[in-house]
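Just below is one structure, and these are the notes that go with it.
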Amino acid sequence: LEALAKIDNDCIGTFYFIGGGDRMEAYKEKSANLKATIKFEGFLPKAQINEIYKRCHFIVLPSDNEGFPKVIGEAMNYGCIPIVSNVSCIGQYIVQGKNGFLIEPLNAETLLTIFEACMVLKGDIFKEMMVANYHLSEKFTYAYYNEQLKSKILAID
């Protein structure tokens, strides 16, 4: 929200906040005067989250202590370009400017710079990022995980 407050562009779009927490009311108050449309959806069933992914172009997941959250792979499957923190193994999958954006360092200024870069992504570059992520998202399925487990750990053909 701090980064969104600094954007001076009326075409920033809609941001969906999924989930909850004890600071939700404060976030709603903080977002009241932003140029971006903010929708606080709360906790949702998987099918409704998938519908939101279908409408979005990006997934923004700033965090300082994640593993590799499965939501990144899920969103990539729907064509969402990741804007994520470079924690845990995320930097092994998301390459800055190639298939997403790493929020490094994790602060509002970096996020603002990324948002501004995303506003000018167009045509083939955006499509190439989406296609790369769609193919990469296959690595985050249970089928792929099970196959890797069988072939590399258990040595079963």
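Run through segment 36-124 and list the chymotrypsin sites (Phe, Trp or Tyr not before Pro) located in a DSSP loop whose Cβ has at most 13 other Cβ atoms within 10 Å.
Sparse-neighbourhood loop chymotrypsin sites (Phe, Trp or Tyr not before Pro): Phe43.
When all protein chains stay in place, what accessible area (Å², nearest 10, 1.4 Å probe) is found for His57?
Around 110 Å² of this residue is reachable by solvent.
Using a 1.4 angstrom probe on the protein heavy atoms only, could you order Cys118, Cys89 from most to least accessible area?
My answer, sorted largest first, is Cys89, Cys118.
Of (i) 16.8; (ii) 15.3; (iii) 17.8, which is the value of Kirkwood radius over Cα pairs in Å derived from the coordinates here?
So the calculated entry is the one marked (i).
What helices in the chain pass both tests, a Cα length along the helix axis of 20 Å or more and a mean Kyte hydropathy of 0.0 or higher, using whole DSSP H runs? Present the calculation step by step, with values, prior to reporting the outcome.
Numbers: long enough: 123-137 (21 Å, 0.05).
For the chain, where a helix must reach 20 Å along its axis and average at least 0.0, the hits are 123-137.
Enumerate by residue number the trypsin sites (Lys or Arg not before Pro) in segment 112-151 meeting two conditions: DSSP loop (anything except H, G, I, E, B), and at most 14 other Cβ atoms within 10 Å of the site's Cβ.
Values: sites: Lys122, Lys127, Lys139, Lys150; in loops: Lys122.
Loop-located and lightly packed - Lys122.
Using the Cα centre of the chain as the reference point, and only Cβ charges (+1 on K/R, -1 on D/E), how large is the resulting charge dipole? Debye, rounded to the nearest 20. Write down the numbers at each step before the final one.
On the way: 16 positive and 19 negative charges, 66 e Å.
Charge dipole, the chain, about its Cα centre: 320 debye, nearest 20.
Report, ordered by chain and residue number, the lysines lying within cross-link reach of Lys122, taken as a straight Cα distance under 21 Å and ignoring same-chain residues fewer than 8 apart.
Output for Lys122: Lys54, Lys98.
Which order do Asp22, Asp124, Asp157 take by accessible area at a 1.4 Å probe, largest first? Working shown, then result.
Values: Asp22 150, Asp124 115, Asp157 190 Å².
Final ranking, largest accessible area leading: Asp157, Asp22, Asp124.
The values are calculated or read from the model by the stated rules, or taken from the named source; none is laboratory data. Here the structure is a predicted model, which means the values were calculated and not measured. Heads up, the Cβs are rebuilt from the backbone with ideal geometry, glycines too, and the neighbour counts pull from every protein chain shown. The protein model used for the area step is the full one, side chains on, heavy atoms only, and it has no ligands, DNA or RNA in it. Shrake-Rupley method; radii C 1.70, N 1.55, O 1.52, S 1.80 Å.
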